[in-house]
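Everything on this sheet refers to the single structure shown next.
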Ligand code: HEM
């Protein structure tokens, strides 16, 4: 009883002291920006209240901060900085790169699924993969391989599915179609396997895709726990989501291991995919090869489909932009003596400057990776004067950055592809102001490939079909996960055009 009383007294004393320091002794606050902070709970109540509109809410908070940067804390010693300031972004992603790794927390959450693959490693393990991959991603042979795969998938699967939907007047979920496309494509790139998720019979691949999706969603779900101990206990007991996660990981690993084993045994040795290029290094164990491949599939899986889904939604209410894209494609096609439906070459895709701008403008407002987080290794001061301490988190908020007046001007919330065009040519933006593909040493390796895929699909679809988006005037809700996916997909009606434009050929 006595011990209890001392404890209660001590707790009461600490609480009083805290409140005294917080309210009575603190200087009168004049600021009314940043996150609202509550005694003991920090910003937690606000985070919980706004969790359903997290991106929009944090964008407003950052827009009201003098340097577009806010600091927060939550119970359990969690401290973090969120920034939409290009100088801070450059500092964390490039100038002081070594101080802002992914960090142990991020890596341990995804480790069961991704192991030490490029997406989930720091330091030496990351460096060796990055070196091989950077070299390979720049080879002409890999670009041609990607080009060929994209062209075949469009011609033999995507266009026939859309034609069929037009014939039968059936509504489609465009997001689902684009995700299947991207999955088939990235599997070909990673280990030259066609899972046939879009239009193929998909028997072997569909299970792999489903398991991959579950593993990605359930692994990223671990980030959402207010108390991380909870998922660890579930993992230990093998119950609920952690049990499902383990099952899906087993399926993914078995599928990948089988392919890697057969390749190591020397079968199918003339493949041009990424796996063959990493097998070249005999120090890479079969498990490490698997980690590498899975990371690439994850990186290339949902991103292009997310960008294109938002792009087609925007186009549905912007006939002016669609007309300009059509006119550009038509000019290039006619110049090169092609018919509608003929695939475009790499050079022809490069000439589509306005289409490039329209897709980039989509990603400015709807970035496929809306927010990205790093850990802080040592105390530091950011260029805008914000103090950050060891073990804090720091996130750069790409979604908010696309909507900052300081970066894009008064019309920042308008969709205007023209802002990317200078003298008729696409003008690329400083990557620290537009970090959609990350920036600095860890910049996305698949950027060029992504544009090839997105432009090929957009050009092929826009010339041949009219898309009618259901509820086109309402901005679709999104799911908050690693990528910006639409909640409930994007239902569209498809109408194949009467191809009068082909007459322009002659
Ligand atoms: C519109 C499409 C894409 C966008 C917006 C995008 C964006 C990003 C972003 C933001 C990162 C940094 C993630 C982080 O470190 O936390 C990243 C990394 C990466 N991306 Fe992409 N990506 C796209 C498509 C692709 C494609 C098609 C591939 C090809 C497989 C790819 C391969 C990678 C790889 C390997 C990394 C890791 C780089 C490293 O850590 O060194 N990406 N991407």
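Just so it is clear, none of the values below were taken in a lab; they were calculated from the coordinates. Here the structure is a predicted model, which means the values were calculated and not measured. Glycine gets a Cβ as well: all are built from the backbone with ideal geometry, and neighbour counts include every protein chain shown.
Numbers for the structure displayed
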item	result
C-alpha center-to-center spacing [the range 176-227, the range 386-449] in angstrom	27
Radius of gyration, Dmax [the range 113-505; alpha carbons; angstrom]	21.6, 67
Using alpha-carbon coordinates, inclination of helix 303-316 to the longest axis of the chain, degrees	70
Compactness of the range 124-249, expressed as Rg and Dmax over alpha-carbon positions, Å	18.8, 54
Between helix 447-464 and the chain: long-axis angle, C-alpha atoms, 0 to 90°, nearest 10	50
Span per principal axis, largest first, for the Cα atoms of the range 413-472 (Å)	40, 27, 25
Full-stretch length increase - residue 466, residue 237 - with 0.36 nm per residue and alpha-carbon distance subtracted	77.3 nm
Inter-label distance, nm, simple model (7 Å from Cα along the C-beta direction), residue 167/residue 495	2.0
Shape of the range 232-311, Cα gyration tensor, a/c cut at 1.5	oblate
FRET efficiency for residue 265 and residue 156, using Cβ-Cβ distance with R0 set to 35 Å, rounded to 0.05	0.70
Distance-filtered residues of the range 146-187 - backbone nitrogen under 18 Å, label point 7 angstrom along residue 475 Cα→Cβ	none
Debye equation applied to the C-alpha atoms of the range 335-407, log10 I(q)/I(0) at 0.11, 0.12, 0.17, 0.21 Å⁻¹	-0.53, -0.59, -0.81, -0.98
Relative contact order (%) - criterion: Cα under 8 Å, at least six apart; region: the range 113-505	23
Per-pair calculated FRET efficiency, R0 = 45 Å: residue 206 and residue 38 via Cβ, rounded to 0.05	0.40
